[in-house]
1. Hey, got the dipole for the range 3-109? About the Cα centre, +1 on K and R Cβ, -1 on D and E Cβ, debye to the nearest 20?
2. Of the candidates LEU62, LEU91, LEU76, which one comes out as most mobile in a Gaussian network treatment of the chain with C-alpha springs shorter than 10 Å?
3. Quick check: at a probe of 1.4 Å, how many percent of the accessible area of the range 3-109 sits on carbon and sulfur atoms?
4. How many nm separate the modelled label positions at GLU6 and ASP105, each set 7 Å beyond the Cα in the direction of the Cβ?
5. Leaving out ligands and nucleic acids, note down the accessible area per residue over the range 33-111 with a 1.4 angstrom probe, in whole Å².
6. Relative to the longest principal axis of the C-alpha atoms of the chain, give the angle of the C-alpha long axis of helix 56-71, reported between 0 and 90° and rounded to the nearest 10°.
7. Averaging sequence separations of C-alpha pairs under 8 Å and six or more residues apart, then dividing by the length of the chain, give the relative contact order as a whole percent.
8. Extension gain GLU28-LYS42, at 0.36 nm per residue separation less the Cα-Cα distance, in nm?
Amino acid sequence: MNIKREEQGNVVLVQVKEERLDAHNADELKLELANLFESGKKGIVVDLKEVRFIDSSGLGALVSGFKNASARQAELKLSGVQSQVKSMFELTRLHRVFDIYTTMDDALASF
């Protein structure tokens with residue numbers, strides 16, 4: 001999986017550089033998020049602007065990251081969610097769980 005990671009102060013930006021977040025690559029994102037939280041990071045923004053498709057495995061990786069954040073009094077926020085992907089969040093009601101921002105800048109400003 002192609003992931004770009006960048007630190008902005010106390011927040012880590014994780015950009016998913018794939019068109020699909022599915023069973024083939026979701027475990028890599030899940031592991032990346034777990035490693036970041038285990039290393040003590042308290043704020044992570046996952047940018048999904050390049051993701052055009054997400055399945056239950058992709059959603060599961062993000063939910064796992066959210067649970068990991070909650071267990072460590074940290075925060076996981078999403079940005080750049082495309083309309084096709086957003087519909088999956090709405091269908092599964094996960095848009096009520098995650099803080100979703102239009103841009104990375106908006107997500108960064110929320111910390």
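The values are calculated or read from the model by the stated rules, or taken from the named source; none is laboratory data. Predicted model only: the values in this text are computed from it and were never measured. When we count neighbours, we look across all protein chains shown, and the Cβ atoms used for this are built from the backbone with ideal geometry, even at glycine. Note: areas computed on protein heavy atoms with side chains; ligands, DNA, RNA excluded. Shrake-Rupley method; radii C 1.70, N 1.55, O 1.52, S 1.80 Å.
1. With Lys and Arg at +1 and Asp and Glu at -1, about 260 debye.
2. So, out of LEU62, LEU91, LEU76, the one fluctuating most is LEU91.
3. Carbon and sulfur: 45 percent of the exposed surface of the range 3-109.
4. 1.3
5. 50
6. It works out to around 20 degrees.
7. Values: 192 pairs, mean separation 28.5, N = 111.
Relative contact order for the chain comes out at 26 percent.
8. That works out to 3.1 nm of additional length.
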